[in-house]
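Asker: The structure follows.
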Amino acid sequence: MRELLVGNLTWESLPHEWSTIGGTLTFILLGIFAVIVITRMKRWKWLWNDWLTSVDPKKIGIMYFIVATFMLLRGGLDVIMIWLQQSLSAGTSHGFLSADHFQQIFTAHGNIMVFFVAMGFIFGLINFIVPLQIGARDLASPFLNTLGFWLYVAGVIMVNTFFLFGGKYAATGWLGIAPLSGTQFSPGVGVDYMIWALQISGIGTTLGAINFIVTILKMRAPGMKLRMMPLFTWGSLCSMVMAVTVFPLLTATLFLLFFDRYIGTHFFTTTLGGNAMMYTNLIWMWGHPEVYILMLPAFGIFSEVVSTYSRKSIASYWSAVFGMIGVSFFALSVWLHHFFTMGAGGDVNAFFGLMTMVIAIPTSVLVFNWIATMYRGRIKFSTPMLWFLGFVGTFAIGGMTGVMLAQPPADFQLHNSLFLVAHFHTMVIGGVIWGIFAGISYWFPKMTGFRLNERIGRYAFWCWLVGFWMAFGPLYVLGLMGATRRLDHYDNLNWQPFFVVALFGGILIAIAVGLQLVQIAASFIQKRQLADNTGDPWDGRSLEWSTPSPAPFYNFVNIPKVTSRDAFLQMKNQGIPKPVYKDITMPKTISLGIYIAGLAFLLGFGFIWEITWLIVVSAIGIVVCIVLRTFDEETEYIISAAELEKMEKARTQKLLARLRHDDTYKDEDMGLREFYKSVLTWSQDFVKNKRWKTF
Amino acid sequence: MSKPMNHEESVYDRTMFGFWVYLMTDLLMFAVLFAVYAVLNNSTAGGPTGRELFSPTAALTGTLLLLTSSFTCGLAMIAVRKGNKNQVLFWLTTTYIFGLAFLSLELIEFTKLIHEGHAPSSNAFMSSFFILVGTHGLHILIGLLWMVIIMAYVVSRGLTSNMMRKLALLSMYWHFLDIVWVFIFTIVYLRAFV
Amino acid sequence: MSKSSHQATVGSYVSGFILSIIFTIIPYYVVVNKNISGNQLLAIIIGFAIVQVFIQVFFFLHLGRGPKPLYNVAFFSATLCAILLVVGGSLFIMSHLHYNMDSLETAKQLAESEAISQVEGNKTGACQAIKVNHKIAIMHTQISPTITEARQCDTLSFINSDSVNLKINFGTPTKSETYAGQTELSMRKGLSDTITLNQTGTYHFYDPTNLSSTGSFNVQP
């Protein structure tokens, strides 16, 4: 009877260990706090109508950022535990984590950082910026956009649900290599949680990628040919084409693993014909292009940042474009370098080793292009430019270690060592994460209407740069000394000092992230003074800068006619045309995205715990929702020319009113001391005047 | 870019293209299942091979049924362009019947195999066979469901431009499934006897 | 909906249908009647399948006949390349892995190295019965005997009669050789290292720390 109702769930599935109780309580308390605040501020309707069901890619982008930041902190907590454990657990001491717990932590860390932090930020940026850059009002399918976002959120929730139900996550490493991830060796639900979290968010990614491709190829402003597109849009296009090519591979592979676990098939088992090596082959066929999917938009961001802050157009547009296309093309043919040691032999290893080394060529073309852009530019060392400079050195060094690893003989020594761990963190942090930071600080004024605090931004950058090298430099050395990855304990006490240095580097990184949160808060406090009143704070060249800051929900009053590259620069030179008010069609809000994603979550949960009625009901529900949505004819509404004119004129009035007061704001960006004082004053006022009553 | 399209045309164009890209992702998913079948189809762990289990005649029958349904689907699309609602419903029903016949044959084959003890969990060859052919069958089932729903909407709302667009998507999907089947027929059923 | 963008006519569907039937029936008959076999047959049926796919893509899906730019065609071609990569790459990798890791070859090699003479009815290269054991005493300054005559499947022991650990390399100082899969043997003091003489021919060895100290052995079948 219990099985009919709740499948395999038992009372033991609920939290009963310090870590799961702690994790569950944290989420529950955060949730309760959020509910209380929103209720007291009476913002439920606003939250639902203006944000959760919004199809505005700008709002969806910001929601992606918020969830990704939250997961950054969650994944960061995992890393701190790893650093602590590895510094303590040497020789006779065994740290504070059991081996099994440690394995779950590094698995969750990998899944969260790749799927939910990096992909979240990248999708957020593409959503926000690409329509503005190509002169579109929205993406090709607003429905797929919101659906993709909520499927991502469903994945985020799924990867954390094990705290409440089940208590254990997968302990297989972030890719769940078979046969360890099969039922025989991972009998619990941990791997199932991993499969469904990745599967649900993976489908969201595929849908989002299709959406972006159609938008970029079919919805550019009239006159904007492909050769006139900004480089961030090019990077996004290449990345999304790769995504659409390889995410189906992930979907299929995860389904095969799921079938092995759920109905006892023998794809990757150790008996009856299963071939576990095929799993490794398939999963890396997805896994390697995935990291380039993350990297290409970052390349696009850096191209824009370098150009803007050197006040020069990119040295060679076509080198940048073909460099990015070249990287995407080759990225699809190198995946075996992740398993040189599995035994395919010299011929196979040689081919893939050579292809891996070849990728260094288009990448270097890009790097030299950026450096050539800086040459004889009039460089402004704002924070985005600092991120770029940090990136160039770090990424180049990381890339060189990559070429080292690409040699099969060297890889036989370094495979799965800490050298490898240091290499890929260099690429992902130095490349993707710092690219995201550069992009967010560059486009922040466009998103919010005010720029970020430069002073604290600089502190954060330096802490990140020094912290990163302190944390991962020792890992390169350790790897060469023979330390393997994923060690929860080691006997060689000579290694311990390196791990301790890495821990301090990690603390510095944690401080850096803290400073970035402080930076955002400080910018909010000073937002009047930091306001971007023109819409074009950095003298930009692409179309997003032609809109006011923050961009209105319809992006443009008139879709501009484009005649050249650097379209906005062209407009500034030739004169910006006056707005002509016409009716515009905008999509309505959509709640079915949330419902479908919620049902997808329940479907996954039903499969994990084998709750048959839940599986059936959720599946039917999803089909019904899809049918309701696709046969809904009333999906758009019209803003009349008169309304448009009224909104535009109101904004101008507000801006003028603000500008009249702006003479008083001549202070510098606040530093940490001023921020501390500001927060202290506010807290004292809050407590003294019992301001919680007025919410 | 050629002459600018009006709003309806551009929505149609974008939808067709977007759906085509989705079909490409589906094709890639099938590619993985084909790759897995190619690697594992000899791993019978001592059990029977395809030569002993498959009937080429049954497979040919199924293939011809599905091919016919793809053809009648094309005729339905011609009726759509002519705006002839009754013809559309007639040809779609024919497509449905042939598609259902194909799926039934397949289900009968699966049931027979499982009853004889050759289940997906028997060995790697059976696993890859059932999942490759089964996934195609699931796609057919979804297509049939889609056909019924669209026919219901055409009956109630008539052949509006929205409906025409959706019918175009369905026919693209249905032709695509027949194309995938050509490969399944060849690589699974015919190849077993090579 | 623009009617000009699709040249879908009854004719195109009928021709596609008939051609597809032909391209289905022919490979079916070829396979069922078993006129040809093996790789030729496989190539034929796959060839027919590929052509039929293109027939259906052209006649049923009208690919390539829409308005320019032909993004559909570009994505279709790219997908085909990706499929070749996925399937071809997997077959390339997995067949090499199979050969190295799973095959009868590997099992035989492992057995041979442990002097087991056959696996699953297949003879390994290992010797059936050990015959004669020859001894060579190695000292830092001297190798005795310098020339050894032996027959295949005899064993040869290199005994370290010195008071330090010694090594010998196969081949000459200018040209290294391999015997029994090894380029060098090391012997701790007082102990020996024995190899089975599976390979026929004349082989040399030397002491790398004393290049004038050389020797050879000749293995007759």
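The values are calculated or read from the model by the stated rules, or taken from the named source; none is laboratory data. These figures come from a predicted structure and were not determined experimentally. Here Cβ is always computed from backbone atoms with ideal geometry, including for glycine, and neighbour counts include all displayed protein chains. SASA here: full protein model, heavy atoms, side chains in, ligands and nucleic acids out. Shrake-Rupley method; radii C 1.70, N 1.55, O 1.52, S 1.80 Å.
Asker: Out of all the residues in the stretch A:654-666, is one or more free of Cβ contacts under 8 Å to residues at least 60 places away in the same chain and hydrophobic (A, V, I, L, M, F, W, C)?
Answerer: yes
Asker: Give the residues of the stretch A:332-357 that are part of a helix (DSSP H, G or I), within 11 Å of chain C (Cβ to nearest Cβ) and within 27 Å of the chain's Cα centre (by Cα), sorted by residue number.
Answerer: Residues satisfying the conditions are A:335, A:336, A:339.
Asker: Could you list, in sequence order, the residues of the stretch B:46-81 that are at the interface with chain C (Cβ under 10 Å from one of its Cβ atoms) and not hydrophobic (A, V, I, L, M, F, W, C)?
Answerer: Those that are at the interface with chain C (Cβ under 10 Å from one of its Cβ atoms) and not hydrophobic (A, V, I, L, M, F, W, C): B:56, B:57, B:63, B:68, B:70, B:72, B:74, B:81.
Asker: Next up: When residue B:116 is evaluated against the numbered criteria (1) surrounded by fewer than 21 Cβ atoms within 10 Å (Cβ to Cβ); (2) over 29 Å from residue B:55 (Cα atoms), which criterion, by number, is the only one it fails?
Answerer: (2) is the only condition that residue B:116 fails.
Asker: Okay, next question. Residue under question is residue A:291, and the condition is that it be open to solvent by 10 Å² or more (accessible area, probe 1.4 Å) and either at pLDDT 95 or above or within 16 Å of the chain's Cα centre (by Cα) (or both); does it hold? Show your work before the answer.
Answerer: On the way: open to solvent by 10 Å² or more (accessible area, probe 1.4 Å): yes; either at pLDDT 95 or above or within 16 Å of the chain's Cα centre (by Cα) (or both): yes.
So residue A:291 passes the test.
Asker: Return the only residue of C:50, C:55 being surrounded by 19 or more Cβ atoms within 10 Å (Cβ to Cβ), not assigned by TED's automatic domain parsing to the domain that holds residue C:181 and not in a loop (DSSP other than H, G, I, E, B). Step through it out loud before you land on a result.
Answerer: Details: C:50 fails: surrounded by 19 or more Cβ atoms within 10 Å (Cβ to Cβ).
Criteria check complete, one pass: C:55.
Asker: Note down all Cβ pairs under 7 Å where the first residue falls in the stretch A:506-528 and is assigned to a loop (DSSP other than H, G, I, E, B), the second is aliphatic (A, V, I, L, M), and they're at least six residues apart or on different chains.
Answerer: Close Cβ pairs (under 7 Å, with a partner that is aliphatic (A, V, I, L, M)) amount to A:526/A:670.
Asker: Continuing with this model, one more query. Condition first: outside any helix (DSSP H, G or I), over 22 Å from residue B:31 (Cα atoms) and either at pLDDT below 95 or more than 10 Å from chain C (Cβ to nearest Cβ) (or both). Can you find one or more residues in the stretch B:142-153 that meet it? Outline the logic, then answer.
Answerer: Here is the first cut: in the stretch B:142-153, the residues outside any helix (DSSP H, G or I) are none.
Checked against the condition, which is being outside any helix (DSSP H, G or I), over 22 Å from residue B:31 (Cα atoms) and either at pLDDT below 95 or more than 10 Å from chain C (Cβ to nearest Cβ) (or both), the stretch B:142-153 yields no hits at all.
Asker: Quickly run through the stretch A:362-373 and pick out the residues that are over 20 Å from residue A:442 (Cα atoms) and of a type in the set (Ser, Thr, Tyr).
Answerer: Hits for the stretch A:362-373 are A:363, A:364.
Asker: When the residues of the stretch C:174-221 are filtered to those that are touching a residue at least 60 places away in the same chain (Cβ under 8 Å), open to solvent by 30 Å² or more (accessible area, probe 1.4 Å) and assigned to a strand (DSSP E or B), which remaining residue is farthest from residue C:151 (Cα to Cα)?
Answerer: Checked the stretch C:174-221; the qualifying residue farthest from residue C:151 (Cα to Cα) is C:210.
Asker: How many of the residues making up the stretch B:9-59 are in contact (Cβ under 8 Å) with a residue 60 or more places away in the chain and more than 28 Å from residue A:280 (Cβ to Cβ)?
Answerer: 13
Asker: Could you run through the stretch C:89-102 and say how many residues are at the interface with chain B (Cβ under 9 Å from one of its Cβ atoms) and either of a type in the set (A, V, I, L, M) or under 21 Å from residue C:46 (Cα atoms) (or both)? Reasoning before the result, please.
Answerer: Kept after step one, since they are at the interface with chain B (Cβ under 9 Å from one of its Cβ atoms), are these residues of the stretch C:89-102: C:89-91, C:94-95, C:98.
Next, from what is left, pick out any that are either of a type in the set (A, V, I, L, M) or under 21 Å from residue C:46 (Cα atoms) (or both): C:89-91, C:94-95.
Residues that pass the stated criteria total 5.
Asker: Next up: Can you tell me which residues in the stretch A:268-288 are among the polar types (S, T, N, Q) and open to solvent by less than 10 Å² (accessible area, probe 1.4 Å)?
Answerer: First, pick out the residues of the stretch A:268-288 that are among the polar types (S, T, N, Q): A:269-271, A:275, A:280-281.
Listed by number, the list holds a single entry, A:281.
Asker: Pairs under 6 Å by beta carbon, first residue among the hydroxyl-bearing types (Ser, Thr, Tyr) in the stretch A:667-680, partner assigned to a helix (DSSP H, G or I) and surrounded by 14 or more Cβ atoms within 10 Å (Cβ to Cβ), six or more apart or different chains?
Answerer: The qualifying pairs are A:678/A:525.
Asker: Restricting attention to the stretch A:606-657, report how many residues are among the hydrophobic types (A, V, I, L, M, F, W, C), within 29 Å of residue B:163 (Cα to Cα) and in contact with a strand residue (DSSP E or B) (Cβ under 9 Å, 6 or more places away or on another chain).
Answerer: 2
Asker: Oh, and also: Please count how many residues of the stretch B:154-180 are away from chain C (no Cβ under 12 Å) and surrounded by fewer than 17 Cβ atoms within 10 Å (Cβ to Cβ).
Answerer: Number of matching residues: 4.
Conditions (1) in a loop (DSSP other than H, G, I, E, B); (2) over 26 Å from the mean Cα position of the chain (by Cα); (3) surrounded by 21 or more Cβ atoms within 10 Å (Cβ to Cβ), marked per residue:
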{"site": "A:534", "(1), (2), (3)": "yes, yes, no"}
{"site": "A:538", "(1), (2), (3)": "yes, no, no"}
{"site": "A:544", "(1), (2), (3)": "no, no, yes"}
{"site": "A:550", "(1), (2), (3)": "yes, no, no"}
{"site": "A:554", "(1), (2), (3)": "yes, no, no"}
{"site": "A:562", "(1), (2), (3)": "yes, yes, yes"}
{"site": "A:568", "(1), (2), (3)": "no, yes, yes"}
{"site": "A:572", "(1), (2), (3)": "no, yes, no"}
{"site": "A:603", "(1), (2), (3)": "no, no, yes"}
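Asker: Do we have residue A:265 as within 11 Å of chain B (Cβ to nearest Cβ), buried (at least 24 other Cβ atoms within 10 Å of the Cβ), among the β-branched types (Val, Ile, Thr) and over 26 Å from the mean Cα position of the chain (by Cα) here? Walk me through how you get there before you give the answer.
Answerer: Working: within 11 Å of chain B (Cβ to nearest Cβ): yes; buried (at least 24 other Cβ atoms within 10 Å of the Cβ): yes; among the β-branched types (Val, Ile, Thr): yes; over 26 Å from the mean Cα position of the chain (by Cα): yes.
So residue A:265 fits the description; yes.
Asker: Return the only residue of A:72, A:77 being modelled with pLDDT of 95 or more and either in a helix (DSSP H, G or I) or open to solvent by 20 Å² or more (accessible area, probe 1.4 Å) (or both). Spell out the reasoning first.
Answerer: Numbers: A:77 fails: modelled with pLDDT of 95 or more.
Of the residues listed, the single one that is modelled with pLDDT of 95 or more and either in a helix (DSSP H, G or I) or open to solvent by 20 Å² or more (accessible area, probe 1.4 Å) (or both) is A:72.
Asker: For residue A:254, which of the numbered conditions (1) surrounded by 24 or more Cβ atoms within 10 Å (Cβ to Cβ); (2) assigned to a helix (DSSP H, G or I) fails to hold?
Answerer: In the conditions (1) surrounded by 24 or more Cβ atoms within 10 Å (Cβ to Cβ); (2) assigned to a helix (DSSP H, G or I), residue A:254 misses (1) alone.
Asker: All but one of (1) at negative phi; (2) away from chain A (no Cβ under 14 Å); (3) open to solvent by 40 Å² or more (accessible area, probe 1.4 Å) hold for residue B:7; state the number of the condition that does not hold.
Answerer: Exception for residue B:7: condition (2).
Asker: Looking only at the stretch A:374-408, count every residue that is of a type in the set (Val, Ile, Thr) and either over 21 Å from residue A:440 (Cβ atoms) or free of Cβ contacts under 8 Å to residues at least 40 places away in the same chain (or both) and tell me the total.
Answerer: The total comes to 4.
Asker: Look through the stretch A:207-219, keep the residues that are within 9 Å of chain B (Cβ to nearest Cβ) and surrounded by 24 or more Cβ atoms within 10 Å (Cβ to Cβ), and return whichever of them is farthest from residue B:23 (Cα to Cα).
Answerer: It comes out as A:215.
Asker: Consider residue A:314 carefully, then state whether it is more than 11 Å from every other protein chain (Cβ to nearest Cβ) and closer than 25 Å to residue A:427 by Cα. Full working, then the answer.
Answerer: Working: more than 11 Å from every other protein chain (Cβ to nearest Cβ): yes; closer than 25 Å to residue A:427 by Cα: yes.
Criteria met by residue A:314.
Asker: Quick check: anything in the stretch C:143-156 over 15 Å from residue C:217 (Cα atoms) and open to solvent by 70 Å² or more (accessible area, probe 1.4 Å)?
Answerer: First, the residues of the stretch C:143-156 that are over 15 Å from residue C:217 (Cα atoms): none.
No, because not a single residue in the stretch C:143-156 is over 15 Å from residue C:217 (Cα atoms) and open to solvent by 70 Å² or more (accessible area, probe 1.4 Å).
Asker: Also: Regarding the stretch C:68-86, can at least one residue be identified that is surrounded by fewer than 16 Cβ atoms within 10 Å (Cβ to Cβ), modelled with pLDDT of 90 or more and more than 28 Å from residue B:15 (Cβ to Cβ)?
Answerer: Checked against the condition, which is being surrounded by fewer than 16 Cβ atoms within 10 Å (Cβ to Cβ), modelled with pLDDT of 90 or more and more than 28 Å from residue B:15 (Cβ to Cβ), the stretch C:68-86 yields at least one hit.
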